[in-house]
Structure formats: C-alpha cells, structure tokens
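Only one structure is covered here, and it is reproduced in the block below.
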Amino acid sequence: MAEHPAYPVGLRLTGRRVVVLGGGQVAQRRLPALIAAGADIRLVSPEATPSVEAMADAGEITWERRPYAEGDLADAWYALIATNDTEANTAASAEGERHHVWCVRSDDADLATAWTPATGHSEGVTVAVLTTDARHRDPRHTAAIRDAVVEGLRDGTLVAPHRRTRTPGVALVGGGPGDPDLITVRGRRLLAEADVVIADRLGPRDLLAELPPHVEVIDAAKIPYGRFMAQEAINNALIEHAEQGKAVVRLKGGDPFVFGRGMEEARALAEAGIACTVVPGISSSISVPGAAGIPVTHRGVAHEFTVVSGHVAPDDARSLVDWPSLAKLTGTLVILMGVDKIGRIAETLVAHGRSPGTPVALVQEGTTAAQRRVDATLSTVAEVVVAEEVRPPAVIVVGEVVAVGPHGTV
C-alpha cells in the first residue's frame with residue numbers, strides 16, 4: 001500500500017451509517033465534522049469525554065456503552081477506530097476489510113484503509129490537505145498548509161475570484177475600531193473581492209492600500225451631494241454601482257448598526273431591489289476602552305454598561321437620550337461622538353446625581369498607532385479636554401471601571 005499514493009475523495013455521508021469506536025479525545029475532535037455531514041453516527045465505547053457525552057445527550061449521535069464486538073461494522077459505510085485497545089482496533093480493521101468499510105485508525109495510520117485530511121472551511125469551500133505518500137507523512141506540515149490556505153482565503157490575501165455571474169449586491173461591512181487587524185475575516189474577504197468600495201473616514205484606512213488596482217475606492221465624505229443630503233447621495237452611489245453588476249462594499253467604522261446609519265442604507269437598497277449583506281463589526285464602544293485597559297464591566301464594580309451618542313448636547317431638543325436617568329445608574333457609561341459636548345454632558349450628569357469625582361477616560365484614535373488616553377473626572381473633564389487638545393474620534397468612558405486595570409486603584 002505504501003508504494004502508491006492515496007486517492008483523495010469527498011464522502012457524502014448524509015443518512016449513512018458511520019461507526020466510531022472509542023469516545024476519547026480523537027472522537028471528540030472528529031465527531032463534529034461527521035455530525036455536520038449528516039451522518040448516522042453510532043458510537044461504541046464504554047466511556048466518553050464530557051463533550052462526546054453531551055453530543056449523545058443532544059441526540060446527535062447514538063452511544064452504545066460497551067467495548068467493540070464483532071459485527072459492529074457490518075452495516076457501516078465508514079469507520080473511525082480510535083480506542084486504546086490495540087487488539088480491538090486490529091480486529092475492527094479486519095472486519096472493515098471483510099465488509100469493504102473504509103476505516104481510519106488513530107493508533108496506526110499505516111494499517112488504516114483511509115486517512116483523515118487536515119481540513120478547514122471558508123465560505124462554502126472545504127480545503128482538505130492530505131499527505132498522499134505514506135513514507136513522508138507529516139501531520140504538522142499538512143496542517144500548516146491547510147492553515148495557510150484557509151487563512152489566506154479568509155483574510156483576502158489569497159483571492160480566488162468567482163467565475164460565475166454574481167448577483168448584484170452590496171455588503172455593509174463593519175470595519176472595526178481602526179486597527180486593520182480587527183476587521184472580521186468575512187469582512188476582509190468581501191473587501192478583497194470587491195469591485196467598488198465606498199469608505200467612511202473612520203473605517204480601517206490601511207486596508208484600502210491593499211486592494212488591487214482595478215478596485216474603485218470612493219471616499220464617502222467626498223461624494224458630490226448636489227441637492228441631495230449626504231446620506232441620500234451615499235445611498236444612490238451604492239445603488240448605482242450595484243445595478244451595474246459590481247460587487248460593492250460599504251466599509252464603515254465600528255459596526256454598521258451602532259450609530260453607523262447602516263439601516264438607512266439597507267432600507268434604501270431593499271427599496272431598490274438590491275441584495276444586501278450585513279457584516280457586523282467590532283464596536284468601538286467596547287473595543288477601544290478594552291485596548292486602553294478599561295473593562296466596561298468588572299466583577300464588584302459594574303454590572304451594566306450603557307452606550308449613548310453624544311453628538312447632540314443634553315439640552316438640545318433633538319436629543320433622544322434620557323440623561324437624568326443615566327445619571328442615576330451605577331454602571332459604566334460609554335459616550336461616542338461626544339468630545340465637543342462632554343462639558344455639558346458632565347454638568348448634566350452631576351446635576352442629576354452622579355458624583356463630581358466619578359472617573360472619566362477619553363481614548364483618542366483607539367486601537368491605532370496614534371492611540372492615547374486622557375483621564376479626568378466629571379468635575380474636571382471639560383477643562384482637561386481643552387488643555388490636552390483631545391480631538392475626535394474619541395471614546396469617552398464614565399464610571400468606576402476607569403480605575404480598574406493593571407495599574408488601577410480598584
């Protein structure tokens with residue numbers, strides 16, 4: 001057998017009997033993929049790990065709590081032999097050979113009739129890497145190749161263009177707080193496949209430099225508005241390019257639906273009959289404080305956190321925030337887009353009961369190389385913002401969690 005390479009093939013196991021002998025760590029790793037393949041799985045083992053037992057309790061597999069016995073493989077299409085009993089493994093392999101059942105053996109791959117490849121998944125594609133020559137088997141090498149291919153597909157560094165006609169559509173992609181490494185793998189992949197990218201200034205700008213030359217990058221802040229409102233012009237640009245059959249990505253900072261006006265764009269696309277995919281992003285309301293060493297919740301300090309927009313002042317008739325109620329909360333308050341209004345916000349919070357000594361942190365350009373943190377209290381924050389020349393974008397955190405951290409006082 002070692003003189004000839006293995007023949008790679010994909011098994012369609014839906015509804016077909018698969019026998020797994022042994023309920024240890026090998027079974028625990030392999031069972032999820034067999035379950036996902038829709039196999040009719042029978043586990044034969046006196047014992048099982050808690051995770052494998054949970055699969056049986058959930059009805060995902062049938063567990064017979066006993067050792068292997070002759071005849072267990074008679075009606076199987078495929079078998080995973082993974083017990084710690086060499087004699088049982090050998091007997092099961094022999095039975096599989098007699099019944100023409102492909103058998104994987106965890107204890108001795110050279111005696112197996114089938115090998116399990118190193119597999120990974122990316123957007124409907126399974127990548128399987130298999131050493132075809134038994135004389136040069138190196139599981140770590142095949143796993144490393146698998147990881148490199150899957151990671152490249154996921155982060156967009158390995159681009160495999162779709163050859164079939166694509167349905168025109170737009171992806172609303174949350175780019176995260178600023179660090180290009182914090183975009184989701186799906187967002188990065190869609191960005192790599194885009195024909196047109198309409199980007200906010202707060203999106204991860206460094207990713208735009210990685211796009212191929214043919215990709216049209218449009219700065220949303222520079223779209224000619226004419227008689228339209230800015231958002232309406234952006235909506236129209238999304239629709240126009242999508243109707244031309246192009247793959248369009250609307251790259252936004254943070255998450256599209258956290259003060260990102262993503263739903264306005266999704267509604268406009270729906271009205272125009274354009275397919276829309278929403279890719280959530282890491283919100284700056286949580287990630288930026290974390291990057292600055294501030295947890296928005298902490299045991300014994302804060303059991304809640306509230307995220308509000310500070311783009312209009314508390315005394316502005318347009319404000320939808322109940323600032324008096326927020327002042328009565330004891331948890332963490334995270335304020336976005338509030339640098340120029342923080343003085344009036346602090347006054348309102350104190351006027352309605354929040355202590356003037358409540359810690360405040362302002363994190364400017366969070367998660368980027370330009371990140372900096374400025375600390376104050378509600379009573380001093382208005383002066384500190386001016387003295388330290390804090391500029392947007394900055395996330396403001398109000399609460400005792402500001403003092404929590406490696407060098408904190410709580």
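Helix 262-271 and the longest principal axis of the Cα set of the chain meet at an angle near 70°. Remark: the Cα gyration tensor places the stretch 1-135 in the oblate category, a/c being 1.5 or greater and a/b not exceeding b/c. With r as the distance between the Cβ atoms of His100 and Asn236 and R0 = 60 Å, compute the FRET efficiency 1/(1 + (r/R0)^6) and round to 0.05. Taking R0 as 60 Å, the efficiency between Asn236 and His100 is 0.45. For the stretch 169-279, what does the alpha-carbon gyration tensor say about shape, rounded, prolate or oblate, given a ≥ b ≥ c as the root eigenvalues, a/c under 1.5 as rounded, and a/b over b/c as prolate? Taking the square roots of the gyration eigenvalues as a ≥ b ≥ c, the stretch 169-279 is rounded.
Packing-based ranking of 267-273, 86-92, 170-176 yields 170-176, 86-92, 267-273, ordered from highest to lowest mean Cβ neighbour count within 10 Å. The shape of the stretch 80-132 comes out prolate: with a ≥ b ≥ c from the C-alpha gyration tensor, a/c is at least 1.5 and a/b beats b/c. Working note: Karplus 6.51/-1.76/1.60 with θ = phi - 60° gives the stretch 272-282 the couplings 8, x, 9, 5, 10, 10, 9, 10, x, x, 6 Hz, where Gly and Pro are set to x. Within the listed set Arg188, Arg98, Arg154, the residue fluctuating most in the Gaussian network model of the chain (springs between alpha-carbon atoms under 10 angstrom) is Arg98. Scalar couplings 3J(HN,Hα) for the stretch 173-187, obtained by applying the Karplus form with A = 6.51, B = -1.76, C = 1.60 to θ = phi - 60°, are 10, x, x, x, x, x, 5, x, 6, 9, 6, 5, 5, 5, x Hz; x denotes Gly and Pro. Under a Gaussian network description of the chain, with springs only between Cα atoms under 10 Å, the residue in Pro356, Pro204, Pro256 that fluctuates furthest is Pro356.
Close amide H partners of Ile183, meaning residues 5 or more places away or on another chain with modelled amide H under 5 Å apart, do not exist here. With R₀ set to 45 Å, the beta-carbon distance separating His4 from Arg65 gives a calculated FRET efficiency near 0.70. Backbone phi angles across the stretch 396-402, fed through the Karplus curve with coefficients 6.51, -1.76 and 1.60 (θ = phi - 60°), yield HN-Hα couplings of 10, 10, 10, x, 5, 5, 4 Hz in residue order; Gly and Pro are listed as x. Extending 7 Å from the Cα toward the beta-carbon at both Ala36 and Ser355 defines two label points whose distance is 5.0 nm. Result for the chain in a Gaussian network model with C-alpha springs under 10 Å: among Arg344, Arg105, Arg299, the largest mean-square fluctuation is at Arg299.
Run the helix sum for the chain: -39,500 (n - 2.57) per DSSP H stretch of 4+ residues, divided by residue count, reported at 222 nm to the nearest 500 deg cm²/dmol.
That calculation yields -8000 deg cm²/dmol at 222 nm.
Read-outs: derived from the displayed coordinates by stated rules, not from any lab. Keep in mind that this is a model prediction, so the values were computed, not measured. Quick reminder, even Gly has a Cβ in these numbers, built from the backbone with ideal geometry, and neighbours come from all protein chains shown.
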